[in-house]
Every structure is written in structure tokens, then in C-alpha cells.
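Here it is, the structure in full.
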Amino acid sequence: MRWASLFLFISSLAWAQAGVMEIFDADRFEAFVRQDRTILLHFGGMGCSACDAQESALKQLAENADVLTPIIFVADLRTEPELGRRHRVRSAGTILLFKGETLIGRSAGLLGADEIRSFIRESRINGRGRPGPRAKREYRPKR
């Protein structure tokens, strides 16, 4: 019985972290990267109507979060220009999806929550990648 309650407690902690929407903070972002979490980074801007629509869709996504919903960070390109340069973001309204340090998805112009959900799902599937090459065996000549 104690194991069941421990499992429910741990799963509730994971549920509480899923779908969190925050303003970009480099320390928090790096902490989630080190935990190998799935992170969605949205680059917005003041006066950008598409960005406002994206942010409302992201809020809806965070409110209806499940275990697979990534942690959502919102960054302004004007206040975080170095972050935009580092990830080669040229326009507001760009969404990046990370699994730990690995960028697994990039998109611009998605407006609806359903479009963003399908982008996350497809990026996760494509981001799994192929298995690495098999290790080379040591060459041993025949006797």
C-alpha cells in the first residue's frame, strides 16, 4: 500500500510540472535542460498579433496539460536578443521544442492549440531518431 501511495505522489509531482508556462529565465531553463525534460520555447514580441494568438493557445495548452505536455517558456526577442541569436531565431512567433539539450522541433506561424499539439507530437516522434551505428568489432585475423 505504501508503494501505491508513493507512486501517486510522484506522478502528482510530474503532473504539477507538466504544462507550466513561465517567462524565460536562463537558470530555470538550464535546470529543466539538465533534467532532460521536454521544453517548448516560444519567441514573441510586443505588438505582434500572431504572437498574442500563440500565447493564448499556449495558455490553453498549459491549462489542459497532461503528462506529455512540455514545460513552456515565453521569451521576448527584444529583451532576449542573445537567446534569439544562439538559436537562430529571426522573427517573433517562432516555437522551438527541446528534449534536454537537443532541439527536436522548430516552427513558425502556428496559431491554434491543436496545431501546436500536433507539432509537439510530430516533433517527439521525429526527434527520437534512428539508433546509432553499431560499435565496430575488433579485427582478429583467422588463425
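The values are calculated or read from the model by the stated rules, or taken from the named source; none is laboratory data. On a predicted model such as this, the values are computed, not experimentally measured, just so you know. For neighbour counting, all protein chains shown are included, and Cβ atoms are generated from backbone atoms with ideal geometry for every residue, glycine included.
Could you grab me the full set of residues in segment 112-128 that are surrounded by 16 or more Cβ atoms within 10 Å (Cβ to Cβ) and either touching a Cys at 6+ places or on another chain (Cβ under 6 Å) or under 14 Å from Ala62 (Cα atoms) (or both)?
Passing the criteria: Ala113, Ile116, Arg117, Ile120.
Against the definition (under 23 Å from Arg28 (Cα atoms) and touching a strand residue (DSSP E or B) at 6+ places or on another chain (Cβ under 8 Å)), how does Phe119 come out, yes or no?
no
Also, quick follow-up: Restricting attention to segment 17-52, and to residues there that are of a type in the set (S, T, N, Q) and part of a helix (DSSP H, G or I), which single residue is modelled with the lowest pLDDT?
For segment 17-52, the residue satisfying everything is Gln17.
Here's the yes/no breakdown for (1) among the hydrophobic types (A, V, I, L, M, F, W, C); (2) under 16 Å from the mean Cα position of the chain (by Cα):
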residue: Arg78; (1), (2): no, no
residue: Arg90; (1), (2): no, no
residue: Glu101; (1), (2): no, yes
residue: Leu110; (1), (2): yes, yes
residue: Arg117; (1), (2): no, yes
residue: Arg124; (1), (2): no, yes
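Whether any residue in segment 131-142 is within 14 Å of the chain's Cα centre (by Cα) and either assigned to a loop (DSSP other than H, G, I, E, B) or at negative phi (or both) is what I want to check.
No, every residue in segment 131-142 fails to be within 14 Å of the chain's Cα centre (by Cα) and either assigned to a loop (DSSP other than H, G, I, E, B) or at negative phi (or both).
Out of Leu103, Leu96, report the one residue that is free of Cβ contacts under 8 Å to residues at least 24 places away in the same chain and either in a loop (DSSP other than H, G, I, E, B) or out of contact with any helix residue (DSSP H, G or I) (no Cβ under 8 Å at 6 or more places or on another chain) (or both).
Criteria check complete, one pass: Leu103.
Could you please give the count of residues in segment 70-86 that are assigned to a helix (DSSP H, G or I) and free of Cβ contacts under 8 Å to residues at least 40 places away in the same chain?
4
Since Leu61 meets every condition but one in (1) at pLDDT 90 or above; (2) surrounded by 15 or more Cβ atoms within 10 Å (Cβ to Cβ), which condition does it not meet?
If we test Leu61 against (1) at pLDDT 90 or above; (2) surrounded by 15 or more Cβ atoms within 10 Å (Cβ to Cβ), just (1) comes out false.
Suppose the filter is under 18 Å from Ala26 (Cα atoms), touching a Lys or Arg at 6+ places or on another chain (Cβ under 9 Å), exposed (fewer than 15 other Cβ atoms within 10 Å of the Cβ) and not basic (Lys, Arg); does Gly84 pass it?
no
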